[in-house]
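Notes follow the structure.
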DNA sequence: TGTAATCGTTCGCATAGCTAATTAGCATTG
DNA sequence: CAATGCTAATTAGCTATGCGAACGATTACA
């Protein structure tokens, strides 16, 4: 019998493995978009034109952070901003053609590392991971509802 | 039948959910040690006195980052450094009594958020997460071997 | 019309990571 | 035993990602 015969999820291990996996993903970023930019861009793509406030909510970051992320994406030519005609306070962002192109390309590159590693696991492990994806998303969604599936 | 009838792990979703969970964990840090400090401290605790280089390797960060992390931990009185008597280049770090105390306390506090969220999931979800912990760790360990189980 | 609230931004701060270059100590070898 | 070269750790400087507080502009409302 394996080391995890316990019924309850080992919270500390789950927490640490998440931190470390995120770190690894960040490290092997190399070329392309950074995780935050990728995440935001994917969200903008899926949720259509978004106000900055909506993006902040759905990405669960603060308004200042959103401003900076969008500024970066705009500077890269991946999103465009349009002023709301009826409400002078709000700005909407949408993905440009170039943005969508790069989204796909960058996603490919980023998935590669993970896919490579997955390739070295047993099919039991893969089945366990596959089964865990949705629960993990629910973990994130417990209080809120965002999910972009970039 | 649920939306994931596919046999292969959905790489993109797994990748994004990891990034976002890590972000959430960082956000709700509040008091106590930051994730990086907690991770490093746990590693030092488990792996006994470590050289900085060894710590860098097992934590998978660059030497300069290790230097800064250890400096912070030392400044907080959570670790102590001792010069190697036989090799003047190396320094070893060990967890202090206070460090071990705070490690436990901080771990408790940090687990809380995750535990709360886990409490709102179905037992099927919990079983799936429980089963995924070790595969996730193996994902991390594929190329290397660190694991501290803080 | 004047006061609220809302939206986005600017500013200053902290964490977390990197690479490149440097300093110090050790080892090897001619 | 001195030059050479390797290894350990640090310093310096950069990028990214996040926060909160304070602010200007705009809208909504009493």
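The values are calculated or read from the model by the stated rules, or taken from the named source; none is laboratory data. Fair warning: this is a prediction, and the values are worked out from it, not measured in the lab. Positions of Cβ are backbone-derived with ideal geometry, glycine not excepted, and every protein chain shown enters the neighbour counts.
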Q: Could you list, in sequence order, all residues of the stretch A:29-48 that are more than 11 Å from DNA strand D (Cβ to nearest atom) and in a loop (DSSP other than H, G, I, E, B)?
A: A:30, A:31, A:47, A:48
Q) Among the candidates B:57, B:65, which residue alone is away from chain A (no Cβ under 11 Å) and either part of a helix (DSSP H, G or I) or under 30 Å from residue A:57 (Cβ atoms) (or both)? A) B:57
Q. Is it fair to say residue A:84 is exposed (fewer than 13 other Cβ atoms within 10 Å of the Cβ) and near DNA strand C (Cβ under 9 Å from one of its atoms)?
A. yes
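Here is a check on your reading of the model: is residue B:19 within 13 Å of chain A (Cβ to nearest Cβ) and either at pLDDT 80 or above or at positive phi (or both)?
Criteria not met by residue B:19.
Quick grid of which residues meet (1) over 14 Å from residue A:20 (Cβ atoms); (2) within 12 Å of DNA strand D (Cβ to nearest atom); (3) within 14 Å of chain A (Cβ to nearest Cβ):
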| site | (1), (2), (3) |
| --- | --- |
| B:50 | yes, yes, no |
| B:81 | yes, yes, no |
| B:91 | yes, yes, no |
| B:98 | yes, no, no |
| B:103 | yes, no, yes |
| B:109 | yes, no, yes |
| B:129 | yes, no, yes |
| B:140 | no, no, yes |
Q | Flag if residue B:91 is surrounded by 13 or more Cβ atoms within 10 Å (Cβ to Cβ) and at pLDDT 95 or above | A | yes
Q) Which one of B:38, B:25 is modelled with pLDDT under 90, under 17 Å from the mean Cα position of the chain (by Cα), within 23 Å of residue A:137 (Cα to Cα) and crowded, with 18+ Cβ neighbours inside 10 Å? A) B:25
Q) Of all residues in the stretch B:56-75, which are touching a residue at least 12 places away in the same chain (Cβ under 8 Å), crowded, with 18+ Cβ neighbours inside 10 Å and near DNA strand D (Cβ under 8 Å from one of its atoms)? A) B:66, B:70
Q) When you scan the stretch A:105-132, how many residues do you find that are in a helix (DSSP H, G or I), farther than 11 Å from residue B:15 by Cβ and modelled with pLDDT of 85 or more? A) 10
Q: Only residues that are under 21 Å from residue A:117 (Cβ atoms) and surrounded by fewer than 19 Cβ atoms within 10 Å (Cβ to Cβ): list them for the stretch B:121-130, please.
A: none
